Amino acid sequence: MVDTSKVKLRIENIVASVDLFAQLDLEKVIEICPNSKYNPEEFPGIICRFDDPKVALLIFSSGKLVVTGAKSVEDIERAVGKLVQMLKGIGVSFKRAPLIDIQNMVFSGDIGREFNLDTVALSLPNCEYEPEQFPGVIYRVKEPRAVILLFSSGKIVCSGAKSEHDAWEAVRKLLRELEKYGLLDEEEEEL
Amino acid sequence: RLRRWQSRLRVSDAAERNLAFALSELDRITAQLKLPKHVEEEAARLYREAVRRGLIRGRSIESVIAACVYAACRLLKVPRTLDEISDISRVDKKEIGRSYRFIARNLNLTPKKLFVKPTDYVNKFADELGLSEKVRRKAVEILEEAYRKGLTSGKSPAGLVAAALYIASLLEGEKRTQREVAEVARVTEVTVRNRYKELVEKLGIKVPIA
DNA sequence: ACGTTACTTTTTAAAGC
DNA sequence: GCTTTAAAAAGTAACGT
């Protein structure tokens, strides 16, 4: 088993799509949203920010939402509950309870050791590394579907996972590949 | 039937027109950048393969041609920055970069095949700066030491080469300004300065108080 | 030559062009 | 494909002073 004892992952952002099961009149909704913006010409939804659960919401007339910036699933549930209460205040009726789908989770993390990315890119299959355009190695994990950005410091960013478990699984797969190609063998390198 | 024959003709006509346009655009770029014939041929080969695999969908012919030129330069170790190519292309650098990464992924152009040694950039930039063989050798020495000490991962190769040439030019008494090396390397003076500071500090280089 | 802000990469949904 | 939103990583860029 790959040693993940020194590996750390921290949630940075959660994106969820939500269906409120109600039709919304955005011109009325915008009146009750303090920090909001609505320019149907440039974007079809209301862009609204909450301070309490610190999140940003995209509100559409279909009653569907996109909630971003959350650090926990609870933040999303609280934000949706808060919006539902606000909408009830202006007479919106809901056919049923909101349906929340977690679509994307972004984690930052640390593998706990440094890497020579030239060496990594030379032996790690299916990775991309273009230091002239971006300083990290881009590694795509098929199952669970996720993408990991690996930096020379050993810090990582994992995005695309739909749960913390999936993110850990993706990181484990990257570590297994690194180990398989001898990229975790105590600090060596050449060119 | 006749209609099927006609549509087949029409399709091949469109394909031929697109290919002709692509190759004329390729000609324009390679001529303007004074690229060797084998680079043009490799870029054309990459383009035809990209078309054959349907990798052009959703991308402009121009961005893919520019991406193929860049990829051919990298494969054949002909140092050229993406900036030089985007300068004479109608599409922006970001779009060319995307097409480049897309064809690289799909034509199995691995980082290994695309790797161009910093040394190759040293000669290209040194040519443009009129620097001697002695300065070039010193710059390569600095870059190799920087690599050994793990100072190059994730950094812009062009920025590193520019800083190494700047330092080498000072050490060998053929000084070029940060502005001059930055210009040929297509990076900002700030980047040259940042790499310069780190190299001098971490490699313990004593530069003349010029 | 600073500092600050902003952009590069990745992910993901929403409705409409 | 684009538009908008959030967030991190580390590097480079573009402002202003």
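Test each condition in (1) within 10 Å of DNA strand D (Cβ to nearest atom); (2) away from chain B (no Cβ under 14 Å) for A:Ser152 and report the one that comes out false.
Against the list (1) within 10 Å of DNA strand D (Cβ to nearest atom); (2) away from chain B (no Cβ under 14 Å), A:Ser152 comes up short only on (2).
Can you name the number of the only condition in (1) at pLDDT 95 or above; (2) closer than 28 Å to A:Ile156 by Cα that A:Phe21 fails?
(2)
Hand me the list of helices (runs of 4 or more DSSP H) wholly inside the stretch B:126-205 holding 2 or more residues that are closer than 20 Å to A:Asn116 by Cβ and more than 13 Å from DNA strand D (Cβ to nearest atom).
B:133-148
For (1) within 14 Å of chain B (Cβ to nearest Cβ); (2) closer than 30 Å to A:Asp185 by Cβ; (3) within 15 Å of DNA strand D (Cβ to nearest atom), each residue gets a yes or a no:
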| position | (1), (2), (3) |
| --- | --- |
| A:Glu74 | no, no, no |
| A:Ala79 | no, no, yes |
| A:Ile90 | no, no, no |
| A:Leu99 | no, no, no |
| A:Ile102 | no, no, yes |
| A:Asn116 | yes, yes, yes |
| A:Gln133 | yes, yes, yes |
| A:Cys158 | no, yes, yes |
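Of B:Lys134, B:Lys117, which residue is at pLDDT below 95, more than 30 Å from B:Gly54 (Cβ to Cβ) and surrounded by fewer than 16 Cβ atoms within 10 Å (Cβ to Cβ)?
B:Lys117
Scan the stretch B:89-109 and tell me whether some residue there is within 30 Å of B:Arg148 (Cβ to Cβ), within 12 Å of another protein chain (Cβ to nearest Cβ) and outside any helix (DSSP H, G or I). Can you show your working first?
Start the filter on the stretch B:89-109 by keeping residues that are within 30 Å of B:Arg148 (Cβ to Cβ), which leaves B:97, B:100-101, B:104, B:109.
Filter again for within 12 Å of another protein chain (Cβ to nearest Cβ), leaving B:97, B:100-101, B:104, B:109.
The next check asks that each one be outside any helix (DSSP H, G or I); those that pass are B:109.
Looking for residues that are within 30 Å of B:Arg148 (Cβ to Cβ), within 12 Å of another protein chain (Cβ to nearest Cβ) and outside any helix (DSSP H, G or I), one finds at least one in the stretch B:89-109, hence yes.
Which residue, of A:Ser152, A:Ser159, is among the polar types (S, T, N, Q), in contact (Cβ under 8 Å) with a residue 40 or more places away in the chain, under 30 Å from A:Thr68 (Cα atoms) and not in a helix (DSSP H, G or I)?
Answer to the check: A:Ser159.
Being away from DNA strand C (no atom under 15 Å from the Cβ), within 19 Å of A:Leu9 (Cβ to Cβ) and either surrounded by 15 or more Cβ atoms within 10 Å (Cβ to Cβ) or at pLDDT below 95 (or both) narrows it down to one of A:Ile111, A:Ile138, A:Ile156, so name that one.
Values: A:Ile138 fails: away from DNA strand C (no atom under 15 Å from the Cβ); A:Ile156 fails: away from DNA strand C (no atom under 15 Å from the Cβ).
When all the criteria are applied, what remains is A:Ile111.
May I ask you to verify whether A:Asp166 is more than 14 Å from every other protein chain (Cβ to nearest Cβ) and at pLDDT below 95?
Taking the combined requirement at face value, the residue does not satisfy it.
Where in the stretch A:1-91 are there strands (runs of 3 or more DSSP E), lying fully within it, with 1 or more residues that are within 16 Å of DNA strand C (Cβ to nearest atom), touching a helix residue (DSSP H, G or I) at 6+ places or on another chain (Cβ under 9 Å) and touching a residue at least 40 places away in the same chain (Cβ under 8 Å)?
Per the criteria, A:8-19, A:64-70.
Hey, A:Val171 hits all of (1) surrounded by 15 or more Cβ atoms within 10 Å (Cβ to Cβ); (2) free of Cβ contacts under 8 Å to residues at least 60 places away in the same chain; (3) under 22 Å from A:Met1 (Cα atoms) but one; which does it fall short on?
Status for A:Val171: all satisfied but (2).
Of all residues in the stretch B:85-95 being more than 13 Å from DNA strand D (Cβ to nearest atom) and surrounded by 18 or more Cβ atoms within 10 Å (Cβ to Cβ), which is farthest from B:Lys34 (Cα to Cα)?
The residue in question is B:Ser89.
For residues that are within 9 Å of DNA strand C (Cβ to nearest atom) and not in a strand (DSSP E or B), tally how many sit in the stretch A:119-135.
Counting residues in the stretch A:119-135 that are within 9 Å of DNA strand C (Cβ to nearest atom) and not in a strand (DSSP E or B) gives 4.
Looking at A:Asp3, A:Asp25, which is the one that is more than 14 Å from DNA strand D (Cβ to nearest atom) and touching a Ser or Thr at 6+ places or on another chain (Cβ under 8 Å)? Working first, answer last.
Working: A:Asp3 fails: touching a Ser or Thr at 6+ places or on another chain (Cβ under 8 Å).
Sole residue among the options that is more than 14 Å from DNA strand D (Cβ to nearest atom) and touching a Ser or Thr at 6+ places or on another chain (Cβ under 8 Å): A:Asp25.
Those residues that are within 13 Å of DNA strand C (Cβ to nearest atom) and under 16 Å from the mean Cα position of the chain (by Cα), I need them from the stretch B:153-210; list them, please.
B:Lys155, B:Ser156, B:Ala182
The values are calculated or read from the model by the stated rules, or taken from the named source; none is laboratory data. Just so it is clear, the model here is predicted, and its values are computed rather than measured. All Cβ positions, glycine included, derive from the backbone under ideal geometry; neighbour counts span all protein chains shown.
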